[in-house]
Every structure is written in structure tokens, then in C-alpha cells.
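So the structure is just underneath, and the comments pick up after that.
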């Protein structure tokens, strides 16, 4: 009898042992309408005064010693290296006082909370109202809700210098439209919803993945197959290319409930609803090469029509896509990003060379490519130690990462 | 993890089947048996969420028809293989197409389990656990005309508890309840039904 009980207990253990639930991220109820109704949005000169590197003067070192503050339109964002946290806040000036309300969120865990900041008139608010000065010494005085306490925690930031900028420019490119599902960013990877959040994560560009449906529609999806990692519906199993676009529209929902978007929808939304300046099309369906290039050309024309400064690159990650591109009658009509050997990059006259980070910093080759008029982006750096090393010792024009918040914090504060 | 649990299961089950030795039932005169079990069960399948945004529920009726072949030595533990056909769910939804025209879409998910099973049989009871894969197929039919399917496999476990009434020296009939758990997909099925067991070979 004893052994029977033991076996029953073991069976119960096996049945329950395969499920690993992630901690839920709290839903915040933040209404900025009343704040926006009584404040005036800060203009571009005030935005540059606010942006910069700030010293953390309180908060028990939760966010490290320095953080980067950046204005993305009227939204004020903060990026931290320690904890890998971003803030996104709306608000504006009421007289000589800047008022901000939003949230903070750790991208590597469930930590989140409401954040409120104020810049008093004598601590930089008057300079913001007048659009004068460089903002050095400006104090962002705030409080944040923290999960371990019912009391808000004070957070005081003092601007010490301008944010670092690279003369040639620098792209912080968010993988899969902003980051992986596993980071629980509040939106599924490769969706319009996530792409709209990407600038708040610190990204200046995105990489998106393109698969083909059964009827040859280019959709934005990373994996060739559906799994519980990416979709919620049990009816979606096996290859993406087994399903028609119409069927996907009807039944397919991603893990946060979004539809699987088409490439055209994502590019249009990126142009219309974000300030991102770079899109890397990671082509995983070589049979759609002509179709993808046509969509890319239309998007480039649309961006030009809208006056948007944005580069959209046809990515060539492997020999299958390379051969399809070589055979395409549309070859040479769109800018190309090539991940392959530099000789192929030259043959295609690719605008961007994108070597894998495991190939090393390759300083001479990178420099040579840049002299030839190409940008060089390295992929995919998620480890802070590698980010430090590649920023300090390399001279890349951009980095692809799943943690744009971390890269933005390291790059802009330049704490190398 | 699972391997170590199974090893523990084997160790604790290695004691002789004293129940069998003490009984005078003619089918249990021999120490080793090969048993075949077939059964049919109705089930309730629970998905973690509604499977589509058009679905009304996340719980669906389904069926399982199975076959199990077990080798039962002179111990409480028996081992074998398990397969069959599982209909996890079948539903019909209505959605407009891109032109706004109503279309009826039938969706179903079926599976063929292929598992190694371990069971214990104290008295007339039997309970067991299966570990392996389910070969899944999703069918979609639009307006009873356009039909396509997609397949994949998923790891899963099954378990059951049954009671056998002896009908004949070598044949038993009895109720069985069971579970399918596909934890990666968050799918759980609870089943109830009947089964026939035949002692195919004794030696």
C-alpha cells in the first residue's frame, strides 16, 4: 500500500511538473488625460534640454548611478543599465513647472509601477519654459510605485551632461520588432503593437521577420512553425505556410491577443505611427522575394510622400535568399542589408553589412566597409559585457539586440 | 527529472505481486501475461484560453478511442505501449471574410498518442501513466468546401484509473477514467468510459 501511495504521488508530480508559469506583470491604470488637459507639451528645444545623462541621487541604487533620459516626441523616456528598466511618461509644462506621469518597467522581470516626476521652476523648470540653457543641473524630482512597498519611493535625478551621440549616427535596432516574447513586453513579438512600443524601449530601428502563408502573403512572424511560445490557438500547429492568410486573420491570435500582421501593415504602421528610422526585413521566405521587394518599394515611396526619414532594408541572411535575390528581376531596385561575406556585400552593392557578433569586432574590415560608403551593424548582442566591449572597442554603426533599453542606456550614458 | 521519477517508480514497484500469488483465479495461475486493452471514452478538453476570438468557450467535448498493449510480469508493475485516436475539440465559428461575406469555418484538433505506459494493478484496479508524444492534426474547413490541415507533434502524458470485472477467464470489462495533459500547450482532458481487456498470452 505504501508503494502504491508513493507511485500515485510520483504520477501527480509528473503530471504537474512540466508547466512553468511566468510571474504576471501587473496591469497599471494610468490616465494622463487630466494632466495633458492642464499642461502644454514641451517643444523640441525643451526636449533637448531635458534629454541627457542624469545622476541618480536617491532610490537606494535600484537603478544604478546614472541613467539616460530621452524625449521621443512629447514622451519622456528613461533608460537604466542596472535592472534594465525603461520609463515612459507623458505630460508638459504648467507655467514654469514640468509635470510628468507614466510608468516604469523592468524588461527582465515583472517589476512595474506608476512614475511621477516634476521639474520645479528653480530646478530647471524656468529654463524649459523659456527654452534656454543646456539643462545641466536640471533636477527631475519624482516618486515611483515599487512592488515591495505600499509607499512610493522617491527618485531624484540630476542632469550632468548631454547624452552621448556618435557623429556618424548609431542605430539601436530592436530584434523581432522590439524584443522576444520571453521578455513579456506587453505585446507579442513582430506585431504592430510592439513596433509602436519599440521607441519607448530605446530603439531607433527594428528588425522584423517575414514568413509566407499558403497563398503567398508576406506575414511578419519569426518561426517557420506555430508553437505555444508564439500563438494562443491550439488549432495553429505545424508550418505557418500550411495556413492561408484569410484563415490566419480569422483564427490566429498571438500570445497577447494580436493578429499576425502582413508585412505591408507593419511597414505602414512604422511609417505612420513611430519615429523609427530603420527597418531590417529579415527574409525567411525566399520564394516571396519579388513580392517583398515590391512591398518594400511601395513603403519607401510612401515614406518619401509622408516626409519620413526612414531606411527600409531587404535583408539577405543566407544563400537561399541570396540566390532568390540574384534571380529576381527587381534586383538592385531597393537598398539591401547583407549578412554574408564582404565579397558578396560588394557584389550586391549592399548598403549595410551585418556580420554576426561571434565573428568579433573586425575593426579593419568594418572600417573598410565604412570607407566604401556602407554602414555596418552587428547582431545580436544581448549581454551587457558584449555591449560594453563592442561599443568601446568597435566602431559599428548599429547593434541589433533583444534589449534596446539596455543598449540605449549603455550607449547614451557611455559608461564604458 | 522524469527519468529519475520513473526510476524511483520502477524500484518501488519491483516487489512481487503478492495479491496475484494468493489468488486462485485461473487467469492468474501463470506469472507472466501479455494483455491487450481497448476502450472508448468521452472527454472534456480544457484549453488555457478560448481557442479563437470567435469561440464561445475554452472547454469542449471530445472522444478518445485507444489501444494499450501491456506486459505484466509477476510484479505489481506492468509496462507497455499506448496509442489511439483523440478528438480534442471540434467547433464551428462564423466570420466575415475581407469582403464582409459571412463564412462558416469548422475547426477541429485531433491527435494520435504514441506513448510508453507503466501501470500497477492492485486487486482488480489498475492505474497507470503514459509518457510520449501526441501527433496532432488541425483541420480547417471553410464553407464546407475549402479544407486544409496542418500537423505537428507535442509531448504529453496520459494517466488512467480502471476497475476490471471478469467476464471470462481471459476477458474483463470495466470503467476507466483518465487524463491527457499536453502541458506545453496548456491542454488538459478529463475522460470517462469503458474498456475491454484481453489476456492474449500467459506463460
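Sort out which residues of the range A:175-184 are part of a helix (DSSP H, G or I) and touching a helix residue (DSSP H, G or I) at 6+ places or on another chain (Cβ under 6 Å), and write them in order of number. Write out each step before concluding.
So the first thing to find is which residues in the range A:175-184 are part of a helix (DSSP H, G or I), and the list is A:175-177, A:181-183.
Answer for the range A:175-184, where residues must be part of a helix (DSSP H, G or I) and touching a helix residue (DSSP H, G or I) at 6+ places or on another chain (Cβ under 6 Å): just A:177.
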Original post:
within 30 Å of residue A:230 (Cβ to Cβ) and under 17 Å from the mean Cα position of the chain (by Cα) - does that describe any residue in the range A:156-172?
Top reply: yes
Original post:
So which residues in the range B:75-110 are at the interface with another protein chain (Cβ under 10 Å from one of its Cβ atoms), part of a strand (DSSP E or B) and surrounded by 20 or more Cβ atoms within 10 Å (Cβ to Cβ), if there are any at all?
Top reply: B:77, B:88, B:89, B:105, B:107, B:109
Subject >> residue A:322 being closer than 22 Å to residue A:355 by Cβ, modelled with pLDDT of 95 or more and in a loop (DSSP other than H, G, I, E, B) >> reply: no
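Inspect all residues belonging to the range B:44-61 and state whether any of them is within 23 Å of residue B:165 (Cα to Cα) and loosely packed, with under 15 Cβ neighbours inside 10 Å.
No, the range B:44-61 contains no residue that is within 23 Å of residue B:165 (Cα to Cα) and loosely packed, with under 15 Cβ neighbours inside 10 Å.
Keeping to the range A:250-265, report how many residues are closer than 16 Å to residue B:142 by Cβ and either surrounded by fewer than 20 Cβ atoms within 10 Å (Cβ to Cβ) or facing chain B (nearest Cβ under 7 Å) (or both). Talk me through it step by step, then tell me what you get.
Filtering the range A:250-265 for residues closer than 16 Å to residue B:142 by Cβ gives A:250-252.
Going one step further and asking which of them are either surrounded by fewer than 20 Cβ atoms within 10 Å (Cβ to Cβ) or facing chain B (nearest Cβ under 7 Å) (or both), we end up with A:250-251.
Total satisfying the criteria: 2.
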**OP:** Report the residue count in the range A:120-153 for those that are closer than 20 Å to residue A:102 by Cβ, surrounded by fewer than 14 Cβ atoms within 10 Å (Cβ to Cβ) and within 28 Å of the chain's Cα centre (by Cα).
**Re:** 1
**OP:** Evaluate the range A:229-240: report whether one residue or more is outside any loop (DSSP other than H, G, I, E, B), under 23 Å from the mean Cα position of the chain (by Cα), within 14 Å of chain B (Cβ to nearest Cβ) and surrounded by fewer than 20 Cβ atoms within 10 Å (Cβ to Cβ).
**Re:** no
**OP:** Tell me, please, whether a residue that is in contact with a helix residue (DSSP H, G or I) (Cβ under 9 Å, 6 or more places away or on another chain), in a loop (DSSP other than H, G, I, E, B) and within 14 Å of residue A:50 (Cα to Cα) can be found in the range A:100-112.
**Re:** no
Original post:
Within the bounds of the range A:283-304, is there any residue that is within 14 Å of chain B (Cβ to nearest Cβ) and at pLDDT 95 or above?
Top reply: no
**OP:** Within the range B:136-150, count every residue that is buried (at least 16 other Cβ atoms within 10 Å of the Cβ) and touching a helix residue (DSSP H, G or I) at 6+ places or on another chain (Cβ under 8 Å).
**Re:** 3
Original post:
Does residue A:332 fit the bill of being free of Cβ contacts under 8 Å to residues at least 12 places away in the same chain, more than 18 Å from the chain's Cα centre (by Cα) and outside any helix (DSSP H, G or I)?
Top reply: no
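Of all residues in the range B:30-74, count the ones that are under 30 Å from residue B:103 (Cα atoms) and either away from chain A (no Cβ under 14 Å) or in a loop (DSSP other than H, G, I, E, B) (or both).
Of the range B:30-74, the ones under 30 Å from residue B:103 (Cα atoms) are B:42-64.
Still in the running and either away from chain A (no Cβ under 14 Å) or in a loop (DSSP other than H, G, I, E, B) (or both): B:42-44, B:47-58, B:61, B:63-64.
Of the residues in the range B:30-74, 18 are under 30 Å from residue B:103 (Cα atoms) and either away from chain A (no Cβ under 14 Å) or in a loop (DSSP other than H, G, I, E, B) (or both).
A quick yes/no check of all residues on (1) at negative phi; (2) surrounded by 19 or more Cβ atoms within 10 Å (Cβ to Cβ); (3) assigned to a strand (DSSP E or B):
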site	(1), (2), (3)
A:186	no, no, no
A:197	yes, yes, no
A:207	yes, yes, yes
A:215	yes, no, no
A:248	yes, yes, no
A:267	yes, yes, no
A:272	yes, no, no
Original post:
Is there a residue in the range A:344-354 that is modelled with pLDDT of 95 or more, more than 20 Å from the chain's Cα centre (by Cα), at negative phi and in a loop (DSSP other than H, G, I, E, B)?
Top reply: yes
Original post:
Can you tell me which residues in the range A:278-319 are in a loop (DSSP other than H, G, I, E, B) and under 15 Å from residue A:344 (Cβ atoms)?
Top reply: A:317, A:318
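Each row is one residue, and each column tells you yes or no for (1) modelled with pLDDT under 90; (2) within 14 Å of another protein chain (Cβ to nearest Cβ); (3) crowded, with 19+ Cβ neighbours inside 10 Å; (4) in contact with a strand residue (DSSP E or B) (Cβ under 7 Å, 6 or more places away or on another chain).
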residue	(1), (2), (3), (4)
A:9	yes, yes, no, no
A:33	yes, no, no, no
A:49	no, no, yes, no
A:61	yes, no, no, no
A:78	no, no, yes, yes
A:94	no, no, no, no
**OP:** Identify all residues within the range A:152-181 that are modelled with pLDDT under 90 and farther than 22 Å from residue A:413 by Cα; write none if there are none.
**Re:** A:180, A:181
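Looking only at strands (runs of 3 or more DSSP E) that lie completely in the range B:117-203, which have at least 3 residues being within 11 Å of chain A (Cβ to nearest Cβ) and free of Cβ contacts under 8 Å to residues at least 40 places away in the same chain? Walk me through how you get there before you give the answer.
Numbers: elements: B:125-142, B:146-163, B:165-168, B:171-182, B:187-202.
The qualifying strands (runs of 3 or more DSSP E) are B:125-142, B:146-163.
The values are calculated or read from the model by the stated rules, or taken from the named source; none is laboratory data. Bear in mind that the values here come from a model prediction, so they are computed numbers and not experimental data. Don't worry about glycine lacking a Cβ; one is built from the backbone with ideal geometry, like all the others, and counts go over all protein chains shown.
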